[in-house]
Amino acid sequence: MGEQLAVAVTGAPGAGKTSTGRELARVLGAALLDLDTLTNPLVDLLVASLGGQGYDDPQVAPQVRRARYACLVGAAQDCLRTGTPVVLVAPFTGERADPQAWAVLARTLTEAGGEPWLAWLEISAGELGARLRARGAPRDHAKLADLEGYLGGVDLAPPLAPHLAVDATLPPQEQARDLRRRLAPAPR
């Protein structure tokens, strides 16, 4: 059994991580591991039981983040150890801002039999604002209440860790095809 692809799809909220990740998983024949799908129902209960006001509440955010990512990475390790490639969908804010943090995650995935890649969905503030308005999801209500302020604080800079940049304005199918073409079993 050789190394299986382990692609971490990251980008700003609303950049299309889930849609692109879903399509990439389909193209690669990989397991789709979405942080929200894997953890939100339990995290909602945890945040409520701790009296928190949401995932970003400073009272619970650090513990919640660690636990959520442990679930995501643990599921990825299980898949990789059985020879199943994975597409991980999450913000990966720490890993994309800190090459050392990405190296730790990459090493963890490699030790489980994966070939880790970081895919970054590039999007402008204007396009992101338009997507959030169009999406109108309940989780975006606070962002939409002060969209200009929110967009001013969103980190749209590319990762400092090695990554594959993807044009998030393209349809998910095109993004997935572009990524598939660029994913090669060559050392980085």
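Numbers for the structure displayed
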| quantity | calculated |
| --- | --- |
| Hits in segment 1-14 - residues which are in contact with an Asp or Glu (Cβ under 8 Å, 6 or more places away or on another chain) and either over 9 Å from W120 (Cα atoms) or part of a loop (DSSP other than H, G, I, E, B) (or both) | E3, Q4, L5, A6, A12, P13, G14 |
| First in segment 16-34 and under 14 Å from A168 (Cα atoms), second anywhere and of a type in the set (A, V, I, L, M, F, W, C) and part of a loop (DSSP other than H, G, I, E, B), Cβ under 8 Å, 6 or more apart | G16/I123; G16/A168; K17/A90; T20/A168; L24/A30 |
| Verdict on R68 being part of a helix (DSSP H, G or I) and either hydroxyl-bearing (S, T, Y) or under 25 Å from L28 (Cβ atoms) (or both) | yes |
| Among the candidates A25, A8, A31, A12, residue that is within 25 Å of L147 (Cα to Cα) and either among the hydrophobic types (A, V, I, L, M, F, W, C) or surrounded by 19 or more Cβ atoms within 10 Å (Cβ to Cβ) (or both) | A12 |
| Matching residues in segment 78-95 - criterion: being over 20 Å from R22 (Cβ atoms) and within 16 Å of the chain's Cα centre (by Cα) | T93, G94, E95 |
| Residue within segment 55-63 that is aromatic (F, W, Y), closer than 30 Å to L151 by Cβ and either outside any loop (DSSP other than H, G, I, E, B) or modelled with pLDDT of 95 or more (or both) present | no |
| Tabulated pairs, segment 164-176, first among the hydroxyl-bearing types (S, T, Y), second in a strand (DSSP E or B), C-beta under 9 angstrom, 6+ apart or interchain | T169/E122 |
| Complete set of residues in segment 101-152 that are surrounded by fewer than 19 Cβ atoms within 10 Å (Cβ to Cβ), of a type in the set (K, R) and either in contact (Cβ under 8 Å) with a residue 60 or more places away in the chain or over 15 Å from A8 (Cβ atoms) (or both) | R131, R133, R135, R139 |
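The values are calculated or read from the model by the stated rules, or taken from the named source; none is laboratory data. The structure displayed is predicted, hence computed values, not measured ones. In this analysis, Cβ positions are derived from the backbone assuming ideal geometry, glycine residues included, and neighbour counts consider all displayed protein chains.
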